[in-house]
Amino acid sequence: MSSLLGQITVILILGVIIFVITRVCGGLGKIPPEMGELGEEFQEVKDRMMETHIMGFWKIEVLDSKGNVVKRKEIGDVGTKGFYIGRGRMCDLRIRSSYVSEKHAVIASDEKGFFLKDCGSRNGVYYKNKKVHQIDLEDRMTLYLGNVACRISRANIMDDFSRNDEGHTRVWGSGTQVKGGKSEIKRD
């Protein structure tokens, strides 16, 4: 009985500490309002870093004509070379279609976030029936590389497990590194 009472006491004390911290600081991880404009700029930088470093995982799914996923690939750190999509053997995601070029498109990142850029493909990249040369990634957007539909979504790194292309379960973090860093691939 005393063990249960001790656990309840610890939980109550932690609750009071968290309450006091949030009241004093205006919320966990928030910048005090008295920092003014500098605080707002710092908060924006912090938010962008959190998005790039923690929420920097994306996944791309190749869809068939009925919208079923036929291939899925996680996109983690694009590094300085980018994540290439195309028919060629050197691509990170290979799509075997005559409508997809050897190097069709690349996903890269910079200080503004992740974007997809057409690599001068023969059949182009389309979003909402409009041909695009470059586009910022948004969660659950569907792009067409030639006539092949690809859905790009944020991957939930809080999930402990995901399935890779071969159907094996792998733990996020097992060899996957979350890094920031600018890509050598530049926006237009």
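The values are calculated or read from the model by the stated rules, or taken from the named source; none is laboratory data. Remember, it's a predicted structure, so these values are computed and weren't measured experimentally. Neighbour counts are summed over all protein chains in view; Cβ atoms, including those assigned to glycine, are modelled from backbone coordinates with ideal geometry. Just the protein is used for accessible areas: all its heavy atoms, side chains included, with ligands, DNA and RNA removed. Shrake-Rupley method; radii C 1.70, N 1.55, O 1.52, S 1.80 Å.
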How many residues does region 101-134 contain that are outside any strand (DSSP E or B), surrounded by 19 or more Cβ atoms within 10 Å (Cβ to Cβ) and polar (S, T, N, Q)? 2
Pairing a residue in region 78-99 that is touching a residue at least 40 places away in the same chain (Cβ under 8 Å) with any residue that is surrounded by fewer than 16 Cβ atoms within 10 Å (Cβ to Cβ) and of a type in the set (S, T, N, Q), where Cβ atoms lie under 7 Å and the two sit 6 or more apart in sequence or on different chains, gives Y99/N147
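One line per residue, one yes/no per condition, for (1) more than 23 Å from N123 (Cα to Cα); (2) in contact with a strand residue (DSSP E or B) (Cβ under 6 Å, 6 or more places away or on another chain); (3) modelled with pLDDT of 70 or more; (4) open to solvent by less than 90 Å² (accessible area, probe 1.4 Å):
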| position | (1), (2), (3), (4) |
| --- | --- |
| V20 | yes, no, yes, yes |
| C25 | yes, no, no, yes |
| E40 | yes, no, no, no |
| Q43 | yes, no, no, yes |
| D64 | no, yes, yes, yes |
| D92 | no, yes, yes, yes |
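Among the residues of region 76-98, write down those that are over 13 Å from L143 (Cβ atoms), part of a loop (DSSP other than H, G, I, E, B) and not small (G, A, S).
Once the filter is applied, which keeps residues that are over 13 Å from L143 (Cβ atoms), part of a loop (DSSP other than H, G, I, E, B) and not small (G, A, S), region 76-98 yields D77, V78, T80, K81, R87, R89, M90, C91, D92, R96.
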